[in-house]
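Remarks on the structure that follows.
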Amino acid sequence: MSKIILFDGVCHFCDQSVQFILKRDKQEQFLFASLQGDTGQKLVFEHKIPNDLSSIILIDNDKYYSKSTAALHICKELTGAWKLLYAFILIPKPIRDFFYDRIANNRYRWFGKKDSCELPPPEVRKRFL
């Protein structure tokens, strides 16, 4: 099973994060779904994930990760030096998530918000659920 990333589809920062991951996921192991979409909501329900739009979610082998833990597990799979960021997993989760929450809670103010989730470009559309 592929790893599935659930993201806030109307957040500019989240959209840019997805584009960043797409460019560095050379093995195409990640699939994507907007948390606002039907597929995203179905996955949230199936995996009993709290419905929180302020967190990126990674579903991997029927286990889910959120916030900084999800981000670090994603980094671990990317090409290049991004893998090294996984070392931050050694920092206790409450400390990591404190910093994650500062960005997540201000993302619309700092980076903006779209009216709707954009259709991905044709060359990567197959990776969106």
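Numerical summary
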item	result
Subset of the range 61-102 (residues that are within 23 Å of residue 33 (Cβ to Cβ), surrounded by fewer than 17 Cβ atoms within 10 Å (Cβ to Cβ) and among the hydrophobic types (A, V, I, L, M, F, W, C))	82
Test: residue in the range 91-103 that is in contact with a helix residue (DSSP H, G or I) (Cβ under 6 Å, 6 or more places away or on another chain) and part of a loop (DSSP other than H, G, I, E, B)	no
Residues of the range 38-65 satisfying the condition of being part of a strand (DSSP E or B) and over 17 Å from residue 15 (Cα atoms)	59, 60, 63, 64, 65
Some residue of the range 6-26 being in a loop (DSSP other than H, G, I, E, B), among the charged types (D, E, K, R), more than 25 Å from residue 109 (Cα to Cα) and modelled with pLDDT of 90 or more	yes
Single condition residue 111 does not satisfy, out of (1) farther than 17 Å from residue 5 by Cβ; (2) open to solvent by 70 Å² or more (accessible area, probe 1.4 Å); (3) out of contact with any helix residue (DSSP H, G or I) (no Cβ under 7 Å at 6 or more places or on another chain)	(3)
Of all residues in the range 49-63 being modelled with pLDDT under 90 and of a type in the set (D, E, K, R), the one that is nearest to residue 18 (Cα to Cα)	52
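The values are calculated or read from the model by the stated rules, or taken from the named source; none is laboratory data. Just so you know, these numbers come straight off a predicted model, no measurement behind them. Please note: Cβ atoms are built from the backbone with ideal geometry, for glycine as well, and neighbour counts cover all protein chains shown. Protein only, heavy atoms only, side chains kept; ligands, DNA and RNA dropped before computing areas. Shrake-Rupley method; radii C 1.70, N 1.55, O 1.52, S 1.80 Å.
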